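Each value in this text was obtained by applying a stated rule to the coordinates, not by laboratory testing. Please read these numbers as outputs of a predicted model, since none were measured by experiment. Glycine gets a Cβ as well: all are built from the backbone with ideal geometry, and neighbour counts include every protein chain shown.
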Amino acid sequence: MPQRVLLICGPPCSGKTTRALGLARQDGGQVIDRDLIARALGSARSHMHAPDITARAEREMRAQLDRLAAARTGTAYVVRSLPHPDSRRVEAERLGAEVELLDPGMAECIRRAQLDHRPRGTVAAIRQWYHRAEWPGEHAGVLGNPCCDCRQPAAASVRCYRCCEKLRASRRWRRLKLQVFAEEVECWVCQEYVDQALAVEDPRSRTVDHVWALRDGGPAYERSNCRLAHRACNTIRTNQLRAERGPQLLIVNPYTI
């Protein structure tokens, strides 16, 4: 039997998993979906799993995708968000897959998230997906992909590292962090208590996480975009977002050297 791989992409609440499971029931084949893997690993949630389970599920999914890329037969339905066309093209070429994009529109995805009582952070994730989908040249590796603030090359990000650090060093950011620390008691990622007396070296110490990441163009000082998080949860989530952006090329402006 010749291999058939369908890469199903789209924002949160677009129906990717439902579509994949429906096709598998109808035509047979394997569904590779991080949420399904996380549940098989013991997560009690349908989405927004605990960071340790999410990390394990991501490693398992990548292992399954590597085996799929090396295979020559069988049918598989792969569920990935991949907002940018370049990301979808790179993954489709690696897997030898067709691409099916589910895009019901941001307003409809938000409506579904609210109707389905999805976990906190889902609406911000939907908005982030659409913002990243519109940004040009995610894998372009050219000088024409400017930072949204300083307009200098930002590689695969919407906002460059220097501008992110400048925002985090401001007095306004320090005041906003104190507000978050005063108003919240649970990590928005794992929904567990945050002991704010722990030393900063402790992986469960307090941090403030941008739901819509600064590197992806998220608003730096909008209170609704800033949530309390364990340091470890914040780090794991940041690494996952970095992995989803795909490989980032080093860009050098010849006029600065």
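Quick one: length gained pulling D52 to T73 fully straight, 0.36 nm per residue minus the C-alpha distance? Show your work: numbers first, answer last.
Details: separation 21, 0.36 × 21 = 7.56 nm, distance 3.26 nm.
Extra length available between D52 and T73 comes to 4.3 nm.
For the range 159-246, what is Rg from Cα atoms divided by 2.2 N^0.38 Å, rounded to two decimals? Don't jump to the answer; show the numbers that get you there.
Numbers: Rg = 12.6 Å, N = 88, 2.2 N^0.38 = 12.1 Å.
This ratio for the range 159-246 stands at 1.05.
Calculate for the chain the 222 nm mean residue ellipticity that helices alone would give, adding -39,500 (n - 2.57) per DSSP H run of length 4 or more and normalising by residue count, nearest 500 deg cm²/dmol. Mind showing how you got there, number by number?
On the way: 9 runs with 109 residues, N = 257.
The helix-only estimate for the chain comes to -13000 deg cm²/dmol at 222 nm.
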Please report, to one decimal in angstroms, the Kirkwood hydrodynamic radius of the range 1-97 built from all distinct Cα-Cα pairs. 13.8 Å
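State the antiparallel share, in %, of DSSP beta bridges confined to the range 1-139, rounding to the nearest 5. Write out the running numbers ahead of the final one.
Values: 1 of 15 bridges.
Here the share of antiparallel DSSP bridges comes out near 5 percent.
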Roughly speaking, what is the stretch gain from R151 to R59, that is 0.36 nm per residue apart minus the C-alpha to C-alpha distance, in nm to one decimal? 29.6 nm
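Taking the DSSP beta bridges in the chain as the whole, what percent of them are antiparallel, to the nearest 5? Show your work: numbers first, answer last.
Numbers: 8 of 22 bridges.
Restricted to the chain, the bridges split so that about 35 percent are antiparallel.
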Relative to 2.2 N^0.38 Å, what does the C-alpha radius of gyration of the chain come to as a ratio? Two decimals please. 1.06
Return the Cα extents of the range 5-53 along principal axes one, two and three, sorted largest first, each rounded to a whole Å. 32, 21, 15
What are the extents of the Cα atoms of the range 147-203 along their three principal axes, in Å, largest first? 39, 24, 21
Please compute the modelled spin-label separation between F181 and A40, points set 7 Å along Cα→Cβ, answer in nm with one decimal. 4.3 nm
